[in-house]
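Everything below concerns the one structure shown next.
The values are calculated or read from the model by the stated rules, or taken from the named source; none is laboratory data. Computed from a predicted model, the values in this text were never measured in an experiment. Because the Cβ atoms are built from the backbone with ideal geometry, glycine has one as well, and the counts that use them run over all protein chains shown.
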Amino acid sequence: MDYDFTHDIYGAFRAEFSMGHEALGYWLTYELRSRQLVIAELLSIITQLQSHQRLDYLMEGAEYNLLLNQDEAIVRAHALDSEFEEEQPKDDLVFYDQQSTASCGLDDFIEIIEGWQQFTSAE
């Protein structure tokens with residue numbers, strides 16, 4: 001999984017991830033943003049997960065949710081949870097689904113969050 005933290009043309013923080021992990025970039029850019037207190041809280045929750053004080057954690061966002069468990073982090077768009085999903089042809093939505101959900105191991109997620117924390121606090 002490759003990623004890069006940049007600024008858009010307006011100077012806003014932006015996370016870009018390789019194909020198959022685009023949802024992580026969207027979640028960082030538009031859901032987590034540069035909210036340092038929330039980032040610190042997430043890192044604390046991850047520590048609790050690693051020490052088995054928690055089984056899982058759900059952070060609900062405006063468009064994407066983050067689900068953490070002791071093994072992985074999953075970002076998933078609300079649109080994928082639609083009750084109408086079963087009525088739509090699956091083959092036509094594979095590419096859309098790949099952009100709307102992503103997961104990675106908890107250790108990789110820690111690296112991403114710590115990097116994002118450092119990047120967004122540098123300004």
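Scanning segment 23-60 for residues that are among the charged types (D, E, K, R) and within 15 Å of TRP116 (Cα to Cα), we see that the one that is surrounded by the most Cβ atoms within 10 Å (Cβ to Cβ) is GLU31. When ASP92, ASP71 are checked against the criterion of being farther than 21 Å from PHE119 by Cα, of a type in the set (D, E, K, R) and either modelled with pLDDT under 95 or surrounded by 14 or more Cβ atoms within 10 Å (Cβ to Cβ) (or both), a single residue qualifies: ASP92.
Tell me which residues, restricted to segment 43-69, are in contact with a Leu (Cβ under 8 Å, 6 or more places away or on another chain) and assigned to a helix (DSSP H, G or I). Selection gives ILE45, ILE46, LEU49, GLN50. Figure legend. Inter-residue proximity from segment 27-53: first residues in contact (Cβ under 8 Å) with a residue 24 or more places away in the chain, second residues in a helix (DSSP H, G or I) and among the small types (Gly, Ala, Ser), beta-carbon distance below 8 Å, spacing 6+ or different chains. Indicated pairs: SER34/SER121; GLN36/SER121.
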